[in-house]
Amino acid sequence: MSAGAIVYKSKEEIELLRISSLLVGKTLAEVASHLKPGVTTIELDTIAEQFLRDHGAEPSFKGYHGFKHSLCISVNEEVVHGIPGSRVIMDGDVVSIDCGAYKNGFHGDSAYTFPVGVVNEDVLNLLRVTKTSLLKGIEKARNGNRVGDISAAVQDYAESFGYGVVRELVGHGVGRKLHERPEVPNYGKKGSGPVLKEGMTIAIEPMINMGARHIRQMKDGWTIITLDKQPAAHFEHTICITENQPDILSSFQEIENAISKNKNITEVVLTLN
Ligand code: MG
Ligand code: MG
């Protein structure tokens, strides 16, 4: 999925990546404001595509290997790559929404999982832990560390709760292409893998299952579901390796502002320490 060498970005290019990445957050916030029981996934997709185009961007996913939509919407046991369609969102669903924006020659990529209506506490905990595992991974995204330091941080945290960490799908470099080198797995060993260097821009995206880590692809050729049909969660940020702290180029701030105004969605709080 990601070919070629690692592409290091200039300061100017990083600012363009930030514009695209922040637009993804704004788009997901717009979608979140319309998310409620009774809405169909294609309605959400249409809202996202219109919002992206109104802001001078193209949906990164539309046309990607033949994908026909702007969002991947994955409900309950669907992990990622769910295809928008006539499915109606129900009270109690957990809905992962992944979005990419292409603007000024650069992609931004981010995802958030929303609990709609009344969701079981154990499923809410899966969402909290998955979101927190993303931050645990980002903490390790530092100049001189290795990709495996991110991977191990995500895996160790998620597995400490007994959850399954998906292995077949991974994070990735992001830039002029949606998927660049290096691959960023959510499992692995500290100190292994490519060295992280200033100017690298990567999407970190834990996909965490309530049950076993095993998945399968549906006959539609896209949708990934858990083999045991237990729920899964997915959170993603596009980030940049800098001289010092990791720079998170995407943002959940506007998404969470939208959640706070939408009585149909529960806030996903962190489970840090
Ligand atoms: Mg994504
Ligand atoms: Mg991604």
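The values are calculated or read from the model by the stated rules, or taken from the named source; none is laboratory data. Since the structure is predicted, the reported quantities are computational estimates derived from the model, not experimental observations. So basically every Cβ, Gly included, is an ideal-geometry build from the backbone, and we count neighbours across all protein chains shown.
Looking only at region 242-269, which residues are in a loop (DSSP other than H, G, I, E, B) and crowded, with 22+ Cβ neighbours inside 10 Å?
Restricting attention to region 242-269, the residues satisfying the condition of being in a loop (DSSP other than H, G, I, E, B) are 242-246, 249-252, 261-264, 266-269.
Those that are in a loop (DSSP other than H, G, I, E, B) and crowded, with 22+ Cβ neighbours inside 10 Å: Pro246, Leu249, Ser250, Val268.
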Of the residues in region 85-106, those that are closer than 14 Å to Lys177 by Cα and either in contact with a helix residue (DSSP H, G or I) (Cβ under 6 Å, 6 or more places away or on another chain) or more than 16 Å from ligand 2 (Cβ to nearest atom) (or both) come to Ala101, Lys103, Asn104, Gly105, Phe106
Val147 vs (1) within 16 Å of the chain's Cα centre (by Cα); (2) within 15 Å of ligand 2 (Cβ to nearest atom); (3) among the aliphatic types (A, V, I, L, M): all pass except (1)
Of the residues in region 158-190, those that are surrounded by 18 or more Cβ atoms within 10 Å (Cβ to Cβ) and more than 15 Å from ligand 2 (Cβ to nearest atom) come to Ala158, Tyr163, Gly164, Val165, Tyr187, Gly188
The condition from (1) among the aromatic types (Phe, Trp, Tyr); (2) within 16 Å of ligand 2 (Cβ to nearest atom); (3) outside any loop (DSSP other than H, G, I, E, B) that Phe61 misses is numbered (3)
Result of the Cβ filter at 7 Å on region 55-82, keeping first residues that are free of Cβ contacts under 8 Å to residues at least 24 places away in the same chain and partners that are buried (at least 23 other Cβ atoms within 10 Å of the Cβ), at least 6 apart or interchain, is Lys62/His69; Lys62/Ser70
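Taking Gly82 as the residue in question, decide whether it is in a loop (DSSP other than H, G, I, E, B), surrounded by 16 or more Cβ atoms within 10 Å (Cβ to Cβ) and within 14 Å of ligand 1 (Cβ to nearest atom).
Working: in a loop (DSSP other than H, G, I, E, B): yes; surrounded by 16 or more Cβ atoms within 10 Å (Cβ to Cβ): yes; within 14 Å of ligand 1 (Cβ to nearest atom): yes.
Judged against the criteria, Gly82 is a match.
For region 99-112, give me each residue that is within 13 Å of ligand 1 (Cβ to nearest atom), of a type outside the set (Gly, Ala, Ser) and surrounded by 24 or more Cβ atoms within 10 Å (Cβ to Cβ). Even if it seems obvious, please write down each step before you answer.
To start, the set of residues in region 99-112 that are within 13 Å of ligand 1 (Cβ to nearest atom) comprises 99-102, 107-112.
With of a type outside the set (Gly, Ala, Ser) added as a condition, the list becomes 99, 102, 107, 109, 112.
Cys99, His107, Asp109, Tyr112, listed by residue number.
Can you pull out the residues in region 125-148 that are under 27 Å from Phe61 (Cβ atoms), among the polar types (S, T, N, Q) and more than 16 Å from ligand 1 (Cβ to nearest atom)?
Initial filter on region 125-148 (under 27 Å from Phe61 (Cβ atoms)): 126-138, 141, 147.
Checking which are among the polar types (S, T, N, Q) leaves us with 130, 132-133.
Matches in region 125-148: Thr132 only.
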Wholly inside region 130-214, strands (runs of 3 or more DSSP E) that include 2 or more residues that are of a type in the set (Asp, Glu) and at pLDDT 95 or above are 180-184
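Do the conditions hold for Asp122, that is, is it more than 23 Å from Ile202 (Cα to Cα), surrounded by 19 or more Cβ atoms within 10 Å (Cβ to Cβ) and more than 16 Å from ligand 1 (Cβ to nearest atom)?
Values: more than 23 Å from Ile202 (Cα to Cα): yes; surrounded by 19 or more Cβ atoms within 10 Å (Cβ to Cβ): no; more than 16 Å from ligand 1 (Cβ to nearest atom): yes.
So Asp122 fails the test.
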